[in-house]
Amino acid sequence: MPTTIRVRIAPSPTGPLHIGTARTALFNYLFARHTGGTFVLRLEDTDVARSTAAFEEDILHGLDWLGITWDEGPGVGGLGERGPYAPYRQMARLADYAAAATRLLAEDRAYPCYCTPEELDADRRRHEAEKLPPRYVGRCASLTPEERAAREAEGRRGALRFRVPDGVVGWDDIIRDRVEIDASNLGGDFVIVRADGTPLYHFTVVVDDMAMAISHVIRGEDHVSNTPKHILLFRALGYPVPAFGHLPLILNPDGTKMSKRKSQTAVAEYIAQGFTREALVNYFAFLGWSPGTEEELFTLDELAERFDLEKVQKGGARFDRERLEWLNGQWIRRLDDDDLVDRLLPFIDAARVAGAVDRVPAPEELRSLLPIVRERIPTLAAIVDVAGFLWRDDLSIDPAALVPKRWDGATTREGLAASRELLAAHDAVTWEADELEPPLRSLVESRGWKPGDLFMAIRVATTGQTATPPLFDTLVALGRERTLARLDAAVGLLPA
């Protein structure tokens, strides 16, 4: 195994940063930090039609936000590249690929292929009819120089195919142990450069890994079938073959491969929902790795200290949103008050912009609420669901929602009116939870009611919700005047 550790993440900016890329980036980052190695980020942007600057920025910003920072590669927000192997974008490295392709062609390890799309489609259909796997038939593999010249005279432009030698390709996978794949199962000679001169993934990734001295290629299990092609290309170009480790697939809860059709995969969506960076990184680390203990909460630095690539599991890792929410809640409880307030305020402001609340509280007001809301928010955005009623000027309440199951409208009106009278007896000095609760419990006892019925009616009347922080803490947070005004409004909704 190489002694100088250099690893990389090489996303394609054809879509937003998704969980799979983030997890792979994290494992590479942790391996580099644990071993004192170097973590490289490069962009595989040769798919010009689908690559966008917006997707590139989403990927770079998302990884940076998570704290998965790289030692070499493009900067975030348009900042320049850093590192001795720049450029770190494939479209800026086309000359390197052309030089490597010329070498393979000169050594007859690759050849021009003039097959038309129609010919290739006919081959594919014939293989399907014969129930054979797709395979290039080698139509252009042995053309003479004259035959090639004749095809080019017809206006055909040749793609470049790599000659796949016979034999078994094997490697000692860091995670999967010994893997061997017969070259006859690779689908025949494969294209490495399109007819228009654009290099393809299998080729560019090998040239780049060699040029950037990558020692370990750590990527998803779905690349196992690509690895023999890459090893053959490394050997043909005379490059040292890096060590390979293939991470387990991330699965949906039903055991199928995670995809955006079935699951939420974009990291930005989890950020928008109020998942903390600490929880996301902590959870992504558990998608295939375990510390071997019962511990569950790890900072990024703690993960780097404990991470062992050889402890990564082979089997698929199921994505469990409930566990992620639990972890997120744990991290919210760990944040200090000022930090939590700073993180919550943008979500309340976003709710204001969306019309869900009418104002944004001052930091001091929000900080005073933390003791009653911190334990109840699984995500930062949930603050609006839990306490948004505090920042609304008016409530829109369905009169039917005010009436508890065991009561009728008249009893509810009576209970709310009596509660309002008792609460009005308190001034601002005595407007405290332990002062408000006793008289209302006495009211319940004197009328023969159940506390839950009266308290639910008051909760809905004052918040518009059936689930809130503790009722009397909620009334204190609302304040005397707003509590009484909302009770008056609720009484007015019910028939006398």
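The values are calculated or read from the model by the stated rules, or taken from the named source; none is laboratory data. Since we're looking at a predicted model, the values are computed, not measured. Methodologically, a virtual Cβ is constructed for each residue, glycine included, from the backbone with ideal geometry; neighbour enumeration extends over all protein chains shown. Accessible surface is based on the protein model in full, side chains and every heavy atom, while ligands, DNA and RNA are left aside. Shrake-Rupley method; radii C 1.70, N 1.55, O 1.52, S 1.80 Å.
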Added length on full extension, which subtracts the Cα-Cα distance from 0.36 nm per residue, Glu295 to Asn252: 13.1 nm
Could you work out how much longer the chain between Asp222 and Ala362 gets when fully extended? Use 0.36 nm per residue separation minus the Cα distance between them, nm to one decimal. 45.5 nm
Could you compute the net charge surrounding Leu493? Neighbours are other residues with a C-beta less than 12 Å from the C-beta of Leu493; K and R count +1, D and E count -1. 0
If you average 1/r across every pair of different Cα atoms in the stretch 74-186 and take the reciprocal, what Kirkwood value do you get, in Å? 18.0 Å
Rounded to the nearest 0.05, what FRET efficiency do Glu421 and Thr466 have when you use their Cβ-Cβ distance and R0 = 30 Å? 0.80
What distance in nm separates the simple spin-label points at Ser396 and Glu128, each placed 7 Å from Cα in the Cβ direction? 5.2 nm
Which residues does the label zone of Arg318 cover in the stretch 234-259, counting backbone N under 16 Å from a point 7 Å along Cα→Cβ? 249-259
Area of Cys115 that stays accessible when all protein chains are in place (1.4 Å probe, Å², to 10): 20 Å²
At q = 0.10, 0.21, 0.23 Å⁻¹, what is the log10 ratio I(q)/I(0) for the stretch 246-347, with the Debye formula run over Cα points and no solvent? -0.31, -1.20, -1.34
Using a 1.4 Å probe on heavy atoms of the protein chains only, the accessible area for His18 in Å², nearest 10, reads 80 Å²
Skipping prolines and chain starts, which residues have an amide H placed within reach, meaning under 5 Å, of the one on Leu43, given they are 5 or more residues away or on another chain? Arg89, Gln90
So the FRET efficiency between Asp337 and Leu94, C-beta based with R0 = 41 Å and rounded to 0.05, is 0.20
Does the stretch 137-290 classify as rounded, prolate or oblate by the C-alpha gyration tensor (a ≥ b ≥ c root eigenvalues; a/c under 1.5 gives rounded; else a/b over b/c gives prolate, otherwise oblate)? prolate
Give the accessible surface of the chain per residue, rounded to a whole number of Å², with probe radius 1.4 Å and ligands, DNA and RNA excluded. 46 Å²
With N residues in the stretch 391-464, Rg(alpha-carbon) / (2.2 N^0.38 Å) equals 1.11
Straight-line reach check, Lys257, cutoff 16 Å on alpha carbons, 8 or more apart in-chain or any other chain, hits among lysines -> Lys314
When we measure straight from the Cα of Lys450, which lysines land under 20 angstrom away, once same-chain ones fewer than 8 places off are left out? Lys405
The stretch 66-95 scanned against label point 7 Å out from Ala53 along Cα→C-beta; backbone N under 13 Å for 77-79
Would you kindly calculate the translational diffusion coefficient of the stretch 347-496, applying Stokes-Einstein with the Kirkwood radius from alpha carbon pairs, for 25 °C and a viscosity of 0.890 mPa s, and quote it in µm² s⁻¹ without decimals? 155 µm²/s
For the pair Ala106 and His34, how long in nm is the line joining their label points, each one 7 Å along Cα→Cβ? 4.3 nm
For the chain, what are Rg and Dmax over the alpha carbons, in angstrom? 31.6, 107
5 Å is the cut-off here: which amide hydrogens, built 1.01 Å from N in the peptide plane, fall below it relative to Val193, excluding neighbours closer than 5 in sequence? Leu160, Leu200
I'd like the Kirkwood hydrodynamic radius of the stretch 301-368, using the inverse of the mean 1/r over distinct C-alpha pairs, in Å. 15.4 Å
Residue span Val168 to Val429: 0.36 nm per residue of separation minus Cα-Cα distance leaves a gain in nm of 85.6 nm
The stretch 428-482: trypsin sites (Lys or Arg not before Pro) in DSSP loop, at most 11 other beta carbons within 10 Å: none
Would you kindly work out the equivalent ellipsoid of the stretch 417-459 from its C-alpha gyration tensor and give its semi-axes, the square roots of five times the eigenvalues, largest first in whole Å? 18, 10, 10
Rounded to the nearest 20 debye, dipole of the chain from Cβ charges on Lys, Arg, Asp, Glu: 1340 debye
Would you kindly find the accessible area of Val444, with a 1.4 Å probe and non-protein molecules such as ligands, DNA and RNA excluded, rounding to the nearest 10 Å²? 10 Å²
Scale the Cα Rg of the stretch 14-148 by the rule-of-thumb value 2.2 N^0.38 Å and send over the ratio, two decimals. 1.46
Pop out the carbon and sulfur fraction of the accessible area of the chain as a percent, whole number, probe 1.4 Å. 51 percent
